[in-house]
Every structure is written in C-alpha cells, then in structure tokens.
C-alpha cells in the first residue's frame, strides 16, 4: 500500500495538506516538536481509527490525545493506492464517522466495515440498532399511564442524554438510578 | 487472573442475590421504599431508550434511530403488541437508510 495524500483540518498540532509521490522515497525532516510523529499518528488513525476505551487507556485515550490544540475540527483524510486501486479514507473524529471511497468516488465503506472496532454495518442495514430502544419503550409504556411516571421518564431521559458525553459508558444509567431513588425517598407522601 | 475475576464476580452476584432475599420484612413494608422502588425501572428504561437512540459510544448523534423511535412511540400509543413495536422501529430505520 502506498500513501498518496494526507489532509487534516486538525489533528494534535498538525493541520494542512501533504502530497507524497508514490514512486519516490519520502523523507520527513523538521525540528523537534513540529509534528513528524503526529503525521505518522494521523496516517495510522485514518487507517485504523482512534480508540476511546477508558478500560484499556486509563490516563488518556488516543481520541483525547490527538484532539486539535486550537479547538478546530478534528478530522483526517488520506488517499492510498493498494493493489492497483485507489481509496480515499476520511474520518471525522468529532462525529465519529468514517467514509471510504474508491478511485471513481463510489462509497465502498460497507466492504470494509466489520470486526469489533468498526461499526456493524449489517446490523444497521437491518435496522437492528433501532430495535432495542423500541423494545425498552414497549416495556416502559404500560408503566406510564399516570402523569407522574411520565414526568419521571422524561426527566430521566433528559438527564441521561445530558451527562452522556462526560462520563464513561453505563454511568448515565447509574446517575439516573441514584437521582430517582433520591427523589422517591425525599418527596412528600401524597 | 481471569479465573480470579470470574470467581470474584460469581461470588459478588451470589452475594447480591442473597442480600435481596435476606432483607428484613420491615424494610420492604416501609412506605417510602414502596413508593420509591416502582420509580426506578421507569427511570432506567427511559434513560436506556434515550441513550440508545441518541448516542454512539460517548457521542450524541441524531440519526434514523430517532425516526424509528417516533414510529415506536406511535405504535405504542396505538397499543400495538410488543413485537409489532420492535419490528416497526427496525423496519423504519432500515428503510430510511435505504433511501
């Protein structure tokens, strides 16, 4: 596989657009702390994504590590040549999206997405990711006949969404459970 | 190391079950507890619906799952059976992605 092009509007301290000649050797030379390693990390991130699992990265996950210093948008795009075909891989780390196009500009992401690191596209195509919330809703609905449970459900949903970006997976539910237990315990008897 | 974890987790699960059935009756009769307990599944289910619909990992996203949830809500309001609600939501998401 040969790297043809690398572009980023923000990746660590790196920003810009770089071309590589596939038929020549590329030597990257610059002072310390100018972003040579960041450039390598950007290529790796474009190919493999960035982990955001706090269980395996306790201090700082790769996703946090390369967040742009100046708060600009966080993405990387590379173009590679592989077995005679060209692919453009774009990843937006703010939105957690990845796009893969072939030389003719067709979206070929589906061919590549599988395994536990990537989004399960097959499941998405069947709409199966929308099934669990609907199932939970169907279980919840019979309990919402009165006004108070409905208010509690709405409040719980809002709280869970509000804290979700700031805490590890699963913690929003714990917070909601604690808050509702506290509410039930402290409120006045009817 | 893995086996130590498995055994510890098994013991913890067993202890939790045991704690549940060894609670004193007087606690369970407590009026405040009896009012509080039914609220917890409501809040948890609502939070699950919200997080699974509007997030991917730790990112908030608005995608076809929101439309699927809207369809599920309509199905629930029409008193549709459980499987119909789930199938309608999944079909909505699948169809919207096809377009």
Looking at the stretch A:141-162, which of its residues are buried (at least 18 other Cβ atoms within 10 Å of the Cβ) and either closer than 28 Å to residue A:95 by Cβ or more than 8 Å from chain B (Cβ to nearest Cβ) (or both)?
A:156, A:157, A:159, A:160
Going residue by residue through the stretch B:15-34, is there one that turns out to be surrounded by 14 or more Cβ atoms within 10 Å (Cβ to Cβ), without any contact (Cβ under 8 Å) to a residue 40 or more places away in the chain and assigned to a helix (DSSP H, G or I)?
yes
Quick check: anything in the stretch A:139-154 within 26 Å of residue B:88 (Cα to Cα), modelled with pLDDT of 80 or more and not in a helix (DSSP H, G or I)?
yes
Going through (1) free of Cβ contacts under 8 Å to residues at least 24 places away in the same chain; (2) crowded, with 21+ Cβ neighbours inside 10 Å; (3) closer than 21 Å to residue A:154 by Cβ one by one, residue B:54 fails only at (2)
Flagged in the stretch A:165-188 as more than 29 Å from residue A:94 (Cα to Cα) and outside any helix (DSSP H, G or I), in numbering order, are A:187, A:188
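With the condition kept exactly as written, say whether any residue in the stretch B:52-60 is part of a helix (DSSP H, G or I) and more than 7 Å from every other protein chain (Cβ to nearest Cβ).
no
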The stretch A:80-97 - residue that is in contact with a strand residue (DSSP E or B) (Cβ under 7 Å, 6 or more places away or on another chain) and farther than 22 Å from residue B:57 by Cβ and, of those, surrounded by the fewest Cβ atoms within 10 Å (Cβ to Cβ)
A:85
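Does residue A:100 meet the test of being modelled with pLDDT of 80 or more and either exposed (fewer than 14 other Cβ atoms within 10 Å of the Cβ) or within 9 Å of chain B (Cβ to nearest Cβ) (or both)?
On the way: modelled with pLDDT of 80 or more: yes; either exposed (fewer than 14 other Cβ atoms within 10 Å of the Cβ) or within 9 Å of chain B (Cβ to nearest Cβ) (or both): no.
No: the conditions fail for residue A:100.
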Any residue that is surrounded by fewer than 19 Cβ atoms within 10 Å (Cβ to Cβ), assigned to a helix (DSSP H, G or I) and in the same structural domain as residue A:108 (by TED's automatic domain parsing) - is there at least one of those in the stretch A:67-79?
no
Selected residue [free of Cβ contacts under 8 Å to residues at least 12 places away in the same chain and more than 19 Å from residue A:165 (Cα to Cα)] from A:76, A:43, A:28, A:80
A:28
So residue B:96 passes all but one of these: (1) under 28 Å from residue A:146 (Cβ atoms); (2) in a helix (DSSP H, G or I); (3) more than 7 Å from every other protein chain (Cβ to nearest Cβ). Which condition number does it fail?
(1)
Does any residue in the stretch B:76-92 that is free of Cβ contacts under 8 Å to residues at least 24 places away in the same chain come within less than 7 Å, Cβ to Cβ, of a residue that is buried (at least 17 other Cβ atoms within 10 Å of the Cβ) and assigned to a loop (DSSP other than H, G, I, E, B) six or more places away or on a different chain, and which pairs are these?
B:90/A:127; B:91/A:127
State whether one or more residues within the stretch A:32-40 are closer than 27 Å to residue A:102 by Cβ and modelled with pLDDT of 90 or more.
yes
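For every residue, the table says whether it meets (1) more than 7 Å from chain A (Cβ to nearest Cβ); (2) within 30 Å of residue A:64 (Cα to Cα); (3) assigned to a helix (DSSP H, G or I).
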| position | (1), (2), (3) |
| --- | --- |
| B:44 | no, yes, yes |
| B:47 | no, yes, yes |
| B:50 | no, yes, yes |
| B:62 | yes, yes, no |
| B:67 | yes, no, yes |
| B:74 | yes, no, yes |
| B:83 | yes, no, yes |
For the stretch B:12-26, does any single residue satisfy the condition of being touching a helix residue (DSSP H, G or I) at 6+ places or on another chain (Cβ under 9 Å) and farther than 18 Å from residue A:154 by Cα?
no
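The values are calculated or read from the model by the stated rules, or taken from the named source; none is laboratory data. Note that this is a predicted model, so its numbers are computed, not measured. Note that we place each Cβ from the backbone using ideal geometry, even for glycine, and neighbour counts take in every protein chain shown.
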